Amino acid sequence: MGGGGERHVGANSIVPFPVVLTNQGGSYNASTSTYVCPVSGTYFFSVAILSQHNRRALCHLNVGGIKKAAAWSDGRPGSYGHSTNTIVIHCDAGQKVYCQNYLNADYGHYLDHEFHYTTYTGY
């Protein structure tokens, strides 16, 4: 996610991942936080999230607009929550893959800083 600190994401919004560590092949668009599959084939996608202190975060890995997996993080009182999820899935060329926040904005409290606790990966 990058940029440091707390980030609140609205209901049903795409979770922003503007900081790119690697984008070999250029299939990831940082301005839309969307991976566009360049060819039909089997892909690996992973998300790791850290929720803010005493807050919740829930995002879905969407493939072609369909929720395929979720990561749920519940920062209990006095602590932070961390969650990961990974899918290996067939995608068609041009299919878009992204992380979408849950339909309730109360579940959109993400935390990140220079250690990149909240990440999104696709290849």
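The values are calculated or read from the model by the stated rules, or taken from the named source; none is laboratory data. A quick note: this is a predicted structure, and the numbers were derived from the prediction, not measured. Positions of Cβ are generated from backbone atoms using ideal geometry, with glycine treated the same way; all protein chains shown enter the neighbour counts. Note: areas computed on protein heavy atoms with side chains; ligands, DNA, RNA excluded. Shrake-Rupley method; radii C 1.70, N 1.55, O 1.52, S 1.80 Å.
Structure notes:
- Exactly one residue among D92, D106, D74 is open to solvent by less than 50 Å² (accessible area, probe 1.4 Å) and more than 15 Å from the chain's Cα centre (by Cα), and that residue is D74.
- Residues of the stretch 4-14 that are small (G, A, S) and surrounded by 13 or more Cβ atoms within 10 Å (Cβ to Cβ): A11, S13.
Matching residues to (1) in contact with a helix residue (DSSP H, G or I) (Cβ under 6 Å, 6 or more places away or on another chain); (2) assigned to a strand (DSSP E or B); (3) at pLDDT below 95; (4) acidic (D, E):
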position: P16; (1), (2), (3), (4): no, no, yes, no
position: V20; (1), (2), (3), (4): no, no, yes, no
position: G26; (1), (2), (3), (4): no, no, no, no
position: V39; (1), (2), (3), (4): no, no, no, no
position: L50; (1), (2), (3), (4): no, yes, yes, no
position: H53; (1), (2), (3), (4): no, no, yes, no
position: L58; (1), (2), (3), (4): yes, yes, yes, no
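- Scope the stretch 15-55; condition surrounded by fewer than 20 Cβ atoms within 10 Å (Cβ to Cβ), within 15 Å of T119 (Cβ to Cβ) and touching a residue at least 40 places away in the same chain (Cβ under 8 Å); matching residues: V19, L21, S33, F44, S46, A48
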